[in-house]
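**Q** Take a look at the following structure, please.
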Amino acid sequence: MDDRALEALFEAERAAPPVVPEALMQRVFADALTVQPSADSRGWRGWLRLLGGAPGLGGLVAAGCVGVWLGLAPPTALPDLAGLVLGVESTEVYDGQTDGLTGFGWDLEES
Amino acid sequence: MHEPDPTPAGNDDAALLARYAQGDPAAARLLAARLTPRIYAHACRVLGDSAEAEDVVQEAMVRLWRIAPDWRIGEAKVSTWLYRVVANLCTDRLRKGASVGLDDVAEPADGAPSAAEGMQQRARQDALSRALATLPERQRQAVVLRHIEGLANPEIAAILDVGVEAVESLTARGKRGLARALAGEREALGFEDYG
């Protein structure tokens, strides 16, 4: 059999290629959707998911606010870091003697 | 990865793959519609078994979906990469002893020829399939890629992971093997007037 006859056979095969079964196309597409990375996993949404979503981000913001608050207005038992950094003494120590108020109302009962 | 791919079609495939990796489901459908028929036809022709070909195609496409987030546009041609995966999966199956059963070959598309022409075309396709099955696996893949699917030798070299000269040798030996296998069928296939 010569090249012309072989080429005729190749042409017959090219003219009628195997048809992909519809069920195979559906399986391929289903696999694609299963494996596909979701749009949520990319960009800023991806970072948000890494932080635990909205609840995680809320907790992070709350913790940050508390940290700033403690830094600027620390309780008496803690050193005033903002004052140390800025060189300003801002902590006021309440000695309980400068006015007549107490926590228990003794002064009101006795008067 | 293989040679850079400057062709528009290749870039389209790569762009669709990038869209798929970004979460676009429409890109998956478009890419599957573009690539699946080509690799299914190749797997059918090489394996001679439509059920085996379906398994190979599904596995190859899953690998494509999985690599999508790491695909770098311009480094390789998507179809070449996919053909290579399919060629390797076919090789694995043939080496495990998957038999070529002509009764299992997928039905070809019906181009609505006349009854006589249709019978002759079908007879020629069956004869070619039987002859391909007699070739060594590498020659079979090279002949199918070159002479039926029309790929260029450098792309076939990338798919089969050999040099271009090796591809030329494989296709030449493959054609000689086909000619020998079909020598007794010239008249039956309507080639009385051919040399």
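The values are calculated or read from the model by the stated rules, or taken from the named source; none is laboratory data. Predicted model only: the values in this text are computed from it and were never measured. Cβ atoms come from the backbone with ideal geometry, glycine included; neighbour counts cover every protein chain shown.
**Q** Is it fair to say residue A:14 is within 7 Å of chain B (Cβ to nearest Cβ), within 14 Å of residue B:147 (Cβ to Cβ) and modelled with pLDDT of 90 or more? Step through it out loud before you land on a result.
**A** Values: within 7 Å of chain B (Cβ to nearest Cβ): yes; within 14 Å of residue B:147 (Cβ to Cβ): yes; modelled with pLDDT of 90 or more: yes.
It is true that residue A:14 is within 7 Å of chain B (Cβ to nearest Cβ), within 14 Å of residue B:147 (Cβ to Cβ) and modelled with pLDDT of 90 or more.
**Q** Looking for whichever is closer than 18 Å to residue A:22 by Cβ, more than 9 Å from chain A (Cβ to nearest Cβ), among the aliphatic types (A, V, I, L, M) and surrounded by fewer than 23 Cβ atoms within 10 Å (Cβ to Cβ) here; the options are B:51, B:26. Which one fits?
**A** B:51
**Q** State the number of residues belonging to the range B:132-184 that are surrounded by 15 or more Cβ atoms within 10 Å (Cβ to Cβ) and not in a helix (DSSP H, G or I).
**A** Count: 5.
**Q** What pairs come out if I take residues in the range A:22-39 that are at the interface with chain B (Cβ under 7 Å from one of its Cβ atoms) and more than 14 Å from residue B:53 (Cα to Cα) and pair them with residues that are among the small types (Gly, Ala, Ser) and assigned to a helix (DSSP H, G or I) whose C-beta lies under 6 Å away, six or more apart or interchain?
**A** Note: pairs meeting the criteria are A:29/B:32; A:32/B:28.
**Q** Continuing with this model, one more query. Return yes when residue B:64 is away from every other protein chain (no Cβ under 14 Å), modelled with pLDDT of 90 or more and not in a loop (DSSP other than H, G, I, E, B) and no when it is not. It would help to see each step written out before you state the result.
**A** Numbers: away from every other protein chain (no Cβ under 14 Å): no; modelled with pLDDT of 90 or more: yes; not in a loop (DSSP other than H, G, I, E, B): yes.
Criteria not met by residue B:64.
**Q** Which ones in the range B:29-48 are of a type in the set (Gly, Ala, Ser), more than 9 Å from chain A (Cβ to nearest Cβ) and free of Cβ contacts under 8 Å to residues at least 40 places away in the same chain?
**A** none
**Q** Going through the range B:185-195 one residue at a time, which ones are acidic (Asp, Glu) and surrounded by 16 or more Cβ atoms within 10 Å (Cβ to Cβ)?
**A** The answer is B:185, and nothing else.
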